[in-house]
Amino acid sequence: MLIRKVTGLLRGKVSSTQVFVAGLLRTMLGFVPGFALPGDLGGGFSQSPGLILGLLFLVLVLNCNLALFGLSLMLAKLLSLAIMPVSFAIGRALLDSPTSGLFATMINAPVLAWFGLDAYATTGGLLLGAVLGMVWGFGLTRGLRAFRGAMAKVETREGYQRQMGKGWVRWLAWLLLGGQSKKSYQELLDAGRGLPIRIQG
């Protein structure tokens, strides 16, 4: 199932924009202290419900790839635990620096008061998660385009066309990799960014 999910991302209709947004949002959500952990470790939902619900709302509304989001969220959570002191230090620098007035206004503002920005680890983790999320999303996007570009060249070779023309090869590919897009890799590579908003969301 995991292999089919990964190949679905590589061969499916997912666009580079969907991959970037998924990488960004999952890292930001993963760096919220206590999210997806049992009990009250680090505060979690009781400390910053508005932030967690807001990020989940963006996941549903923005056209990010949900499979990629779900598969990699826990990796971001594990990374956030490993570098929690860094998040705490960044948050402390933000809240106790000349920017403290700005954050005091945000902390006491309607709606934003539910974001838990008065906690060092939450504020620092949100900023660190956003930076790492952009780097991760950009890396995923570049990797996806590089893979599709390489496969687009392979598809033009006569040997590949001859093998994929065999029924048992197509059946085996479906069995191992799942249903794939009928578009060629070149068509996937040339496809547009897609809708920025998920209609269902």
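The values are calculated or read from the model by the stated rules, or taken from the named source; none is laboratory data. In this text the structure is predicted, and so the values were computed from the model without any measurement. Every residue, glycine as well, gets a Cβ built from its backbone with ideal geometry; the counts of neighbours run over all protein chains shown.
Within region 109-126, can you find the residues that are over 20 Å from Phe69 (Cβ atoms) and in a helix (DSSP H, G or I)? Please lay out each step first, then the result.
Kept after step one, since they are over 20 Å from Phe69 (Cβ atoms), are these residues of region 109-126: 109-124.
The answer is Leu112, Ala113, Trp114, Phe115, Tyr120, Ala121, Thr122, Thr123, Gly124.
Taking region 135-144 as the range and being at pLDDT below 90 and either among the hydrophobic types (A, V, I, L, M, F, W, C) or not in a helix (DSSP H, G or I) (or both) as the test, the residues that pass are Trp136, Phe138, Leu140, Leu144.
Scanning region 25-43 for residues that are touching a Pro at 6+ places or on another chain (Cβ under 8 Å) and at pLDDT 60 or above yields a total of 0. Inspect region 63-79 for any residue being at pLDDT 75 or above and among the hydroxyl-bearing types (Ser, Thr, Tyr) and give the result as yes or no. No; the residues of region 63-79 include none that is at pLDDT 75 or above and among the hydroxyl-bearing types (Ser, Thr, Tyr).
Checked against the criteria, Val131 counts as out of contact with any Gly (no Cβ under 9 Å at 6 or more places or on another chain) and either under 29 Å from Ile199 (Cβ atoms) or free of Cβ contacts under 8 Å to residues at least 12 places away in the same chain (or both).
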